[in-house]
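None of the figures in this text is laboratory data; all of them are computed from the coordinates on show. Because the structure is predicted, anything quoted here is derived from the model rather than measured. Note: ideal-geometry Cβ built from the backbone for every residue, glycine included; neighbour counts use all protein chains shown.
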Amino acid sequence: MTTPSQPKWGLVSTIKADAKSILDFAAYHLDLGAHRLHLYLDAENPDVYPHLKAHPKIRVITCDDRYWKQHKAPRPKMHQPRQTMNATHAYERIQTDWVAHIDVDEFLWPHVAAHDQSRAITETLAALPAETDALRMRPLEALAGHADHYKAMVPSGAEREHEVRAIYPEFGVFLKGGFLSHTAGKLFARTGLPDIQYRIHNLFQHGEKNTRETEQEGLRICHRHAASWDDWQGSYRFRLARGSYRPGLGAGFPARFGGLNKHELLTMIEQDHGIDGLRRFFGEINAELPEVYDALRLRGMIHHCPLNLAAKRRQHFPQFD
């Protein structure tokens, strides 16, 4: 399929968050040039629903019992399959040429001057070859305590383990690329393809992973996975039980060499050292320690990404504030 010279793009997200966070997410991407936002509220949220419903570029659905009955399937207990079902539902309906599937704490970031960012996304998508079905965007991870600063992961390769140990000497070896969150990134998917299942990190077609994808360094995702210690603690138990730290996920390096997955690592730290141990872990991985921040800076792994969320929220949703 060919891409128009000025392709339209949109987002889909399944969201359970406070009204301010949801409007920050929506306003930021509207400001960036999104033509459509398909937002699926995982629980009723009367504080935000009217603001979203009133915006002409937003399609908002509350995922209540009526919604799931329309799917003719019970509501999945885990949020991951709910995300996949909602993203696939939006993929089949969104009126854009491309659609990205991201979370409420993720923000698209083109590496260009602020006034060129909207154009950069359109130009990037327009330049993709016709045989490319997806564009993978790798994450940058927010650094708590460093406003607007994000870190890059240690890239894969023969030196990854050595570099991770050098930057994060106590805990980093257990984390892929030194990241607390995912390293897989998220996708922009070309719309109009048949028999698509739009998962969290990958696009499936005819029941198999669609590998017709590319990756560009110029378009990343700012992932505010743990914006502060309090923010991290607020979601820690859920993530440990059912989210990105849940049991059964892969380790940062092979278990046969002593690797632990995040669930095993964090459980061990908490059992052996309590909340103080978790605080020490968080401080190192988030570069609160000056020596860790300097190690990242000297390697060119610190990125300044001012999202200006409050200003954009006030611009696009003035009635909320």
For the range 79-196, averaging the sequence separation of alpha carbon pairs under 8 Å that lie six or more residues apart and dividing by its residue count, the contact order in percent is 35
Ignoring the sites themselves, what is the longest stretch of the chain with no GluC sites (Glu not before Pro) in a DSSP loop and at most 12 other beta-carbon atoms within 10 Å? 218-321
Counting only DSSP beta bridges with both residues in the range 130-259, tell me the antiparallel percent, nearest 5. 65
Contour minus end-to-end for ALA126 and MET78, with contour as 0.36 nm per residue of separation and end-to-end as the Cα-Cα distance? 13.7 nm
Per residue of the range 105-121, what does 6.51 cos²θ - 1.76 cosθ + 1.60 with θ = phi - 60° give for ³J(HN,Hα)? Whole Hz please, x for Gly and Pro, Karplus curve as stated. 9, 10, 9, 4, 9, x, 7, 9, 4, 3, 6, 9, 5, 4, 5, 5, 5
Over 30 Å between Cα atoms, which of LYS186/LYS312; LYS16/LYS69; LYS20/LYS57; LYS77/LYS186; LYS20/LYS209 qualify? LYS20/LYS209
Taking R0 as 56 Å and r as the Cβ-Cβ distance between PHE320 and SER156, the FRET efficiency 1/(1 + (r/R0)^6), rounded to the nearest 0.05, comes to 0.85
In the range 1-106, which trypsin sites (Lys or Arg not before Pro) fall in coil by DSSP and have 11 or fewer other Cβ atoms within 10 Å? LYS72, LYS77
Label point distance in nm, SER228-HIS304, each placed 7 Å from Cα along Cα→Cβ: 2.3
Considering only C-alpha atoms, what is the centroid distance from the range 85-113 to the range 266-294, in Å? 33
Once phi for every residue in the range 297-313 is put through the Karplus expression 6.51 cos²θ - 1.76 cosθ + 1.60 (θ = phi - 60°), the whole-Hz ³J(HN,Hα) values, with Gly and Pro written as x, are 5, 5, 8, x, 9, 9, 10, 9, 10, x, 7, 6, 5, 4, 5, 6, 5
Mind ordering 185-196, 145-156 by average Cβ neighbours within 10 Å, highest first? 185-196, 145-156
Provide the per-residue ³J(HN,Hα) series for the range 25-41, in order, calculated from phi with Karplus coefficients 6.51, -1.76, 1.60 and θ = phi - 60°, each as a whole number of Hz, with x at glycine and proline positions. 4, 5, 4, 4, 7, 4, 5, 7, x, 4, 8, 9, 10, 9, 10, 10, 7
Using just the helices of the chain, give the 222 nm mean residue ellipticity in deg cm²/dmol: DSSP H runs with n ≥ 4 each add -39,500 (n - 2.57), and the total is spread over all residues, rounded to 500. -10500 deg cm²/dmol
Cα-Cα P(r), the range 134-201, percent of pairs per 5 Å interval: 3, 15, 19, 19, 15, 11, 8, 5, 3, 0
Can you list the residues, at least 5 places off or on another chain, whose amide H is less than 5 Å from the amide H of ARG220, using H built in the peptide plane? TRP109, HIS111
Could you calculate the contour length gain from TYR67 to LYS16, that is, 0.36 nm times the residue separation minus the distance between their Cα atoms, to one decimal place in nm? 16.8 nm
